[in-house]
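Input: a single structure, listed below in structure tokens.
The values are calculated or read from the model by the stated rules, or taken from the named source; none is laboratory data. The structure displayed is predicted, hence computed values, not measured ones. Cβ coordinates were reconstructed from backbone atoms using ideal geometry, including for glycine residues, and neighbour counts include every protein chain displayed. Note: accessible area is taken over every heavy atom of the protein model, side chains too, but ligands, DNA and RNA are not part of it. Shrake-Rupley method; radii C 1.70, N 1.55, O 1.52, S 1.80 Å.
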Amino acid sequence: MLLHGTEALKQAAHTGHAVPGFVAYNLETVSGITAAAEAAGRPVLVQAGSSPFKHAGRRALMRLALDAAEHSGALIGVHLDHSRDLHEITVCLEAGYTSVMVDGSHLPFAENIALTKEAVRRARDHGAWVEAELGALEGDEDVSTDAVAETASLTDPRQAAEFVEATGVDALAVAVGNVHGFTKDPVRLDLERLALIHEAVPVPLVLHGASGLPVGQLHGALARGVAKVNVNAELRRAYLEAVRTALPAALPGSDAVSLWAAGRDAVRDAALEVISRLSPSPEGRAG
Ligand code: 13P
């Protein structure tokens, strides 16, 4: 069933967990993520768009994600990830998305505030919540990178407080050394900065770029106000590796169904593994 509001994020943070935001591109990734939420009995966000819209088409992927969430026994929010486009945001809100991320992180501060305020205004009309970003991450949403974050792009705690107050945003994505995609060297987060941001803002924090993040760093973030953790590259890698492994057996008989199933099951297993990491339990800390 659809997960509305940020209460699940606040509840997760209260118990040392976080809600994962998994990026979905197609039927297999949506159903793999949904199956993981059902198996774990934990809420998740399916992040369908805006980059995946380029692959699947907006209407098709929106309907797919919403239908899977509505008919699942698990609590699943449908979220628009990284959108700079108010029209796209409005279309998703009208379709029934439960949350959107308006990404004005590339804009000057005042323009980011103006864009985010307008997204919040539109979301309120639809009962949806809004995530915004302050500071900029290195890396790419869809392509692996060995880039490392620049100090200059990190989130400033005082600006974060001003931003949240001025926009009324419900969750804030931060840049504290996190990087989109896999990196050559292990990422080290600026946990002191994260603690200051957590003290300064009253809303749940969001950590993007969690693929490959050392588990100690991840738990450091969970202990400092991070209530939503975005994961994409780990699921893509699991999907691609499973498809590669299944391909030789599938090819002679053109057995595409077993190939797609292998991809879906790999996404489910990778998502389940992430969910166990987003937990304060001893097994979640292992690795
Ligand atoms: P990763 O690809 O590093 O997991 O980042 C995902 C993300 O932040 C999506 O917004």
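Among the residues making up the stretch 158-195, those that are buried (at least 19 other Cβ atoms within 10 Å of the Cβ), outside any loop (DSSP other than H, G, I, E, B) and away from the ligand (no atom under 13 Å from the Cβ) are 160, 163, 164, 167, 172, 193, 194.
At least 3 residues being among the hydrophobic types (A, V, I, L, M, F, W, C) is the threshold, and among the helices (runs of 4 or more DSSP H) wholly inside the stretch 19-133 those reaching it are 27-40, 58-70, 86-95, 109-124.
Scanning the stretch 19-54 for residues that are farther than 15 Å from residue 82 by Cα and either within 16 Å of the ligand (Cβ to nearest atom) or of a type in the set (Lys, Arg) (or both) returns 19, 20, 29, 30, 32, 33, 36, 42, 44.
Applying the set (1) open to solvent by less than 70 Å² (accessible area, probe 1.4 Å); (2) touching a residue at least 40 places away in the same chain (Cβ under 8 Å) to residue 242 leaves exactly one unmet item: (2). Among the residues of the stretch 201-208, is any open to solvent by 50 Å² or more (accessible area, probe 1.4 Å) and away from the ligand (no atom under 15 Å from the Cβ)? Scanning the stretch 201-208 turns up at least one residue that is open to solvent by 50 Å² or more (accessible area, probe 1.4 Å) and away from the ligand (no atom under 15 Å from the Cβ). Restricting attention to the stretch 1-58, the residues being open to solvent by 30 Å² or more (accessible area, probe 1.4 Å) and under 23 Å from residue 172 (Cα atoms) number 11. Remark: residue 280 falls outside the filter, which requires a residue to be open to solvent by 60 Å² or more (accessible area, probe 1.4 Å) and outside any helix (DSSP H, G or I).
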